[in-house]
Structures are given as structure tokens and as C-alpha cells.
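Single-structure report; data block below.
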Amino acid sequence: MPSFCIAIALVAGQLIGHQGFAQGVNNFFLMGYSNDAGIPLGGTNIDFISGTPDIYYQYRDIGFSRANANISSSSGELLFSTNGAWVADAFGDTMQNGTGLSPSNYSTTYNEGLHTPQDVLIIPVPSSPSRHYLFHGTFDDFAGSFAQYLYVSEIDLNMNGGLGSVVSKNTVLINDTLNIGKIGGVRHANGRDWWVFCHKQFTNIYFRVLVAPFGIQGPFQQSVGVLRHADGGQVCFSPNGDRFAYYYGAEDDLEIFDFDRCTGLLSNPIHIAIDDYNQMGGVAFSPSGQFLYVSSVMDVYQYDVTVADIAGTMVHLGSWDGFYSPSPPFATVFDIAQLAPDGKIYISTGNSTFHLHVINEPDLPGSACDFQQHAIELPSYNFNSLPNHPNYHLGPVDGSVCDSLGITVNLTPGTSTEERGVRAYPNPSIGSSSVRYPAQAKAGVLEIRDLAGRLVFRERLPQWSTIHTVDLANEAPGLYNVSLSWGELHINTRLILATP
């Protein structure tokens with residue numbers, strides 16, 4: 001195998017912290033079908049960059065199923081996307097040399113988008129802003145239900161007049177019997193490099209490669225945890241990268257590991273058998289990493305992974321309520337899940353429907369997490385699709401032996417508002433407003449007070465969120481003081497509330 005060597009008027013505030021974040025990058029959920037036909041088919045986009053999820057229809061060539069990845073610029077403009085069969089540019093058209101990913105009968109049959117979960121993952125090439133690696137695979141063997149290869153292709157966005165080109169394609173990193181999809185990624189403890197994982201079928205072997213500025217190292221392998229049969233499901237790293245979860249409901253259920261971002265090694269596996277008859281499904285961590293959610297086709301569960309008896313913390317949040325979208329047989333059951341930039345977890349429905357489920361407060365225990373079935377309505381059919389986004393905002397593990405590059409993230413003193421990545425809009429506002437800020441590794445607080453010091457608004461800012469909305473429609477017009485804080489880090493701004 002080869003080794004690849006609120007409407008807020010911002011004024012001067014006080015900041016303490018770090019810099020080096022990417023503000024956008026993961027702000028898009030691209031879903032839906034291609035433009036072969038109009039509504040109810042066609043593309044659905046959810047853009048989180050403004051604070052309030054902006055859900056809209058888009059006419060574009062590329063459509064998506066379970067294999068789904070995209071990446072944006074730091075300011076939130078889409079750069080490119082892929083459905084596992086081909087790569088699209090920022091306009092949704094075929095990127096130069098972008099066809100023919102993961103060559104197989106399956107990829108040819110489903111050229112409109114592979115139906116396999118987490119079969120694509122985009123990782124920026126460290127220290128090279130215009131270049132990206134696309135890790136991908138497919139369904140190579142129908143009889144054995146496995147993937148034969150983990151591939152990597154490289155995209156250079158400086159090519160083709162800035163629209164990008166796939167400059168190398170389908171380079172084999174691993175040739176083995178791999179479980180389909182479930183390609184997961186997490187940033188290395190040095191804050192620059194990346195680990196990328198997949199799993200060997202009918203074993204407990206995890207393969208991993210290391211993405212560094214000088215190329216891709218590996219593959220390396222580790223035997224840990226339970227033997228995994230042929231499966232689907234989903235894998236997920238916690239937002240701070242210290243845990244890893246693997247879920248497939250048919251045979252092997254849920255497994256949770258500790259993860260060392262420095263060595264790339266998994267440890268302390270905890271296997272949890274879930275007493276239901278469901279298959280497929282998904283898994284996602286809350287922003288703080290305290291709670292893990294399992295979407296198991298007919299049921300949704302919550303676990304607290306910070307206690308010794310994780311299995312004993314299980315809360316059954318709900319069973320499918322019988323809702324169809326738009327009508328039978330299109331049931332809104334529970335499939336893959338994804339933590340979004342607004343700090344909420346979204347769950348697809350396992351069928352081509354007009355709806356998504358949402359967990360509004362995933363860092364709260366039990367029913368307080370506010371799990372809402374089919375609460376998000378979409379303008380076109382979505383075929384089980386959510387993007388495979390790693391935490392692009394994650395920085396180094398401070399104090400680790402691998403924290404040797406001097407990289408810092410988030411906010412730093414002495415920079416302008418724009419350089420801090422803080423932006424508020426519109427200005428002035430008549431009530432509803434959004435504020436955007438760099439992702440932070442800890443939860444924060446947003447407070448708004450009038451000039452007399454009266455607290456008129458207070459809400460928690462989830463870890464790793466980058467946007468928040470407020471509604472002051474019931475407050476009097478005037479000037480308001482705004483404070484965003486994360487521990488010792490504080491940002492002071494002002495808000496102008498205009499007369500409607």
C-alpha cells in the first residue's frame with residue numbers, strides 16, 4: 001500500500017484569547033436532488049452563516065444521498081461539494097476532471113449520488129489554502145457487502161480560473177475488505193494535521209492515515225473493540241476530539257472509545273447493546289461532548305458519556321410518531337445525524353421526505369434537550385442526506401507533547417472586528433438579529449442590557465457554535481450593551497434597536 005509522504009453596532013471591545021479559526025467552512029448543508037426535474041425534486045440548501053438557518057431551494061446539477069460532503073471559505077462561500085460519484089464546483093456544476101470517483105458498478109449505477117453513509121470526507125491540505133484532499137470509497141463487492149478501497153483525490157482551487165480542478169484522482173490508500181462508508185476525520189493534537197479513519201470488515205481493526213503538509217502517511221492499523229460485521233450506520237468524533245462513537249443497529253450496536261489526538265489511538269472501548277430491533281441509523285455528540293445521541297430508525301436515545309456507567313444513563317427520547325412526508329409510505333423515521341454550526345443536531349428521516357428532525361438543546365439532559373420530530377420543513381425532497389462535516393474549527397491540545405507548532409485558535413487581542421471574525425447584522429434592527437463569532441471550545445454566555453443595566457436577554461452559547469440569534473422585538477427602541485463571554489474571554493459590543 002502506498003504511503004503519501006442583532007443587529008449590532010460593534011464598537012471597540014475587550015478581548016482576551018487566540019486566533020487562527022475558520023468562521024465559515026462548514027456552514028452549508030446541501031441536500032436534495034439534481035435539477036433533472038423541478039419541485040418537489042431539486043436542491044435544498046441550509047446556510048447557517050447568518051445565525052438563523054436559511055433554508056431555500058436551489059437549481060443545480062449535483063444531487064445528494066447519504067454520501068455527502070462540502071466545504072466553504074472562511075467567510076462562508078461554498079467552494080465545492082461531492083456526492084461520492086463526482087465533484088461539483090461552487091455553482092453545482094461538474095468540476096474540471098471531477099467525474100468518475102471510486103470506479104465500480106455501484107458508482108456507475110448511482111451516478112446521481114451514492115447511497116452509502118459517510119463515503120466522502122473533505123480535509124484541507126495543511127499549510128496549503130487552495131488544496132484539499134477528498135477521501136472516498138464505494139460499494140465494491142455486492143456479495144460480500146464491502147468496500148475494497150479507500151481512495152484519495154486532490155482538488156486545487158487555484159485551477160480552472162478559480163473554480164478548481166481535481167488534479168489527482170482515485171489514488172488507492174488502502175486495498176482490503178472495508179466496511180462501507182463511515183470515513184471519519186479529526187484534527188491532530190498539533191492543531192494542523194488530520195487523522196482519517198475507516199474500519200476493516202469482520203474484524204476489530206481500524207485503519208488510519210495522517211494528513212500532513214508533506215503528504216499522507218500510513219496506513220496504520222489498530223485492533224480494538226468489538227468485531228464489526230458487514231454494516232451501515234455512522235461514526236462520529238466528539239467536537240473536541242477526545243471521544244469516538246460507532247453505531248450500527250443490526251448486530252453490533254453502539255461502541256464508545258476514548259481517543260488520543262496525539263497518537264491517533266483509540267482506547268477504553270465501551271460496548272452498549274441497545275434493546276430494539278432497529279437497523280441502520282446514526283450517531284452524533286452534543287457540542288460539549290457530554291451527551292451522545294443515537295438515531296436508531298424507530299427510536300432516538302441520549303447517553304451521558306462523562307460518567308462511568310454510560311449505559312445506565314440511557315434516556316429514550318422518543319419513538320417514531322407515525323408521521324409521513326408527504327404521505328405513506330414515506331415515513332419520517334430516524335437516520336444519520338449531524339451537529340450543525342448553530343449548536344443543534346439535525347437528523348435525516350431515512351426516506352425521501354420534506355422534513356428533518358432536530359434536537360434544539362443537545363447539551364441538556366433528558367427531555368430538556370428538546371427533541372422535535374419532523375420540525376424542519378424543506379422545499380424539496382431530501383434523500384437521507386446530511387453532510388459529513390468534521391470539526392474544522394478544532395485547534396491544538398494545549399500542553400500536549402504534540403502541541404509543538406505554536407498554533408492558537410479563536411480570538412486574539414489587538415485586532416480589528418473583522419480580523420476577530422465578529423460580525424453582527426443587520427444594523428439597525430427592529431428586533432430580530434444575528435451575531436457571528438469564532439468557534440470556542442467551551443460554552444459561553446450572551447447577555448444584553450439596556451443603558452440602565454437591566455438584563456433584557458441572556459442565553460447560553462454552545463461549544464463550537466459560530467452564530468446566535470436574538471429577538472428584542474418586545475423591547476423599547478434605543479441603545480443596548482451586548483456582552484459575549486467564554487470564561488476569561490469577553491467581547492463587549494452595542495446594539496441599536498430601531499423603531500419599527
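Please treat every number below as a calculation from the coordinates, not as lab data. Note that the coordinates shown come from a computational prediction; the quantities given were computed from them, not determined experimentally. Reconstructed Cβ throughout: ideal geometry from the backbone, glycine too, with neighbour counts over all protein chains shown.
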In what sequence do VAL120, VAL186, VAL297 fall when counting other Cβ within 10 Å, fewest first? VAL297, VAL186, VAL120
For the chain, what is the mean residue ellipticity at 222 nm derived from helices alone (per DSSP H run of n ≥ 4: -39500 (n - 2.57); sum divided by total residues; nearest 500 deg cm²/dmol)? -500 deg cm²/dmol
Projecting the Cα atoms of PRO379, ILE272, SER238 onto the charge dipole of the chain, where Lys and Arg contribute +1 and Asp and Glu -1 at Cβ, the residue farthest towards the positive end is SER238
Between GLU377 and GLU475, with labels modelled 7 Å along Cα→Cβ, what's the label distance in nm to one decimal, could you check? 3.0 nm
Quote the FRET efficiency, to the nearest 0.05, computed for ARG494 versus TYR59 with a Förster distance R0 of 35 Å and r equal to the Cβ-Cβ distance. 0.30
Rounded to the nearest Å, the spacing of the alpha-carbon centers of the stretch 117-155 and the stretch 331-349 is 23 Å
Only Lys, Arg (+1) and Asp, Glu (-1) charged, at Cβ; the stretch 417-497 dipole about Cα centre in debye: 80 debye
Show me, for the stretch 455-468, the HN-Hα J-couplings you get by feeding each phi into the Karplus relation (A = 6.51, B = -1.76, C = 1.60, θ = phi - 60°), rounded to Hz, glycine and proline as x. 6, 10, 7, 8, 9, 7, 9, x, 3, 6, 6, 10, 8, 8
Using the crude model of +1 on Lys and Arg Cβ and -1 on Asp and Glu Cβ, and no other charge, please compute the dipole size for the chain relative to its Cα centre, in debye to 20. 1020 debye
Listed residue (PRO126, SER65, TYR301) projecting farthest to the positive dipole end of the chain, Cβ model: PRO126
Subtract the Cα-Cα distance of LEU41 and THR177 from 0.36 nm times their separation in residues, and report this length gain in nm to one decimal. 45.4 nm
Give the order of THR203, THR138 when sorted by the count of other beta carbons within 10 angstrom, beginning with the fewest. THR203, THR138
Relative contact order for the stretch 24-383 using alpha-carbon pairs under 8 Å, separation at least 6, rounded to a whole percent? 11 percent
Gap separating the Cα centres of the stretch 212-277 and the stretch 286-324, nearest whole Å: 17 Å
Counted neighbours (other Cβ, 10 Å), sorted fewest up, put PHE135, PHE259, PHE142, PHE457 in the order PHE142, PHE457, PHE259, PHE135
